[in-house]
Amino acid sequence: MDLSLYPLLFAPVYKEHPWGGQRLAARYGRTGTPTICGESWEISAHVDGLSVVANGPLAGQTLNTLTEQLGAALTGTHATHPHRFPLLFKLIDARENLSVQVHPNDDNASLTGGEPKTEAWYVVDRTPGALLFGGFKPGTTSETFRRAMAQGVAPQQLFQLDVEPGDALFIPGGLVHAIGAGALIYEVQQSSNTTYRLFDWGRLDAAGHPRPLHLDQAFQVINPGLPEPRIIRTPAPSADAHNLWQDVLSCRYFALRRLELHHEVCIQPGGLSFYALFVLDGAVTLVAGKTVVPLSPGTSCLVPAGVPSFSLQPGSRNASLLVTTLPGKPDPMVFS
């Protein structure tokens, strides 16, 4: 197998959920989506939705296989476990409210046999009035929340956050949360598929039955002492002609930035971290050596840490991208 490094595109892994919609097909021209598409796993080495390379000599290989073989040449020297890809990237289309849920963290996942999951949401789009839910309001306890669930008013015990496109929210493991109807979310998370459902808005499955809840597990991993979640608002892009890197948020698992691309930029990863790209708006051409990868809006791309350098060139107008690396990565070596 030729393991030469180059920017990788993947076939999306679509997930059908009862709360999903059709925006991924309508907005990005995606084909092969289910009728009710809740999620697209964009970059994933998780066994529940393995990404398969769709371009170049490595086409047909799964991301977990490549990570096992390449190690830090793919993930970077900042990876805690270089031969395991640490993150999972999703698009989430919430036509209806997602369940009120919680994920374990590194400290308590072993209590329930689950996988730890800390995540961040970036609001790509939303219908007017869309909300995000997260964290217990003051005075809420496990007991009062159980009563609220039984009475069908559990969301009233959570902070309700108005959002605009470009907003972000950090969701540490242990924080009770839900994505509200109308939100289109780009999610960066630990590589995990553990979700404990607390409340499902009275929703029924295709057979007319309530979806199962996971109350015992959920109450073992809820952390009621977490601070109130706050919406992160990045400044609106300026009208000048300079490329602009904006920090969105950073945690022990990942660093998320937004790049407003006005003219060509060259980046040298330095072997420290992979670069996971998602094009929000505008066309971008990625060039790494002899490899040229056109990126349209809604496209995800993974640049291995061992790629010596790559450039991003906007199309006929400016472009906007989300860029995720491992934490501890210094400002990229950028040459305009």
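The values are calculated or read from the model by the stated rules, or taken from the named source; none is laboratory data. The shown structure was predicted, so the numbers you read here are calculated from the model rather than taken from an experiment. FYI the Cβ positions are ideal-geometry reconstructions off the backbone, even for glycines, and counts take in every protein chain you see. For the accessible areas, the whole protein counts, side chains as well, though only heavy atoms, and no ligand, DNA or RNA atoms are used. Shrake-Rupley method; radii C 1.70, N 1.55, O 1.52, S 1.80 Å.
Assorted remarks:
- Elements of type strands (runs of 3 or more DSSP E) contained in segment 152-247, each with 1 or more residues being in contact (Cβ under 8 Å) with a residue 60 or more places away in the chain, of a type outside the set (Val, Ile, Thr) and touching a Cys at 6+ places or on another chain (Cβ under 7 Å): 167-171
- Extreme residue, surrounded by the most Cβ atoms within 10 Å (Cβ to Cβ), among residues of segment 1-36 that are hydrophobic (A, V, I, L, M, F, W, C) and assigned to a strand (DSSP E or B): 8
- Residue 97 meets all of the listed conditions (1) of a type in the set (S, T, N, Q); (2) under 19 Å from residue 178 (Cα atoms); (3) under 16 Å from the mean Cα position of the chain (by Cα) but one, namely (3).
- Among the residues listed as 112, 144, 127, 140, the single one being open to solvent by 30 Å² or more (accessible area, probe 1.4 Å) and at pLDDT below 95: 144
- Among the candidates 309, 316, residue that is over 13 Å from residue 245 (Cα atoms), in contact with a Cys (Cβ under 8 Å, 6 or more places away or on another chain) and open to solvent by 20 Å² or more (accessible area, probe 1.4 Å): 309
- Residue 134 being within 30 Å of residue 161 (Cα to Cα), touching a Pro at 6+ places or on another chain (Cβ under 9 Å) and surrounded by 22 or more Cβ atoms within 10 Å (Cβ to Cβ): yes
- With respect to the conditions (1) part of a strand (DSSP E or B); (2) open to solvent by 50 Å² or more (accessible area, probe 1.4 Å), residue 92 lacks only one, and its number is (2).
- Within the span defined as segment 37-46, every residue fails to be under 19 Å from the mean Cα position of the chain (by Cα), surrounded by fewer than 16 Cβ atoms within 10 Å (Cβ to Cβ), in a loop (DSSP other than H, G, I, E, B) and not acidic (Asp, Glu).
- Residue match in segment 175-198 (condition: aromatic (Phe, Trp, Tyr) and under 27 Å from residue 44 (Cα atoms)): yes
- Failed criterion for residue 117 (all others in (1) buried (at least 16 other Cβ atoms within 10 Å of the Cβ); (2) part of a loop (DSSP other than H, G, I, E, B); (3) free of Cβ contacts under 8 Å to residues at least 60 places away in the same chain hold): (3)
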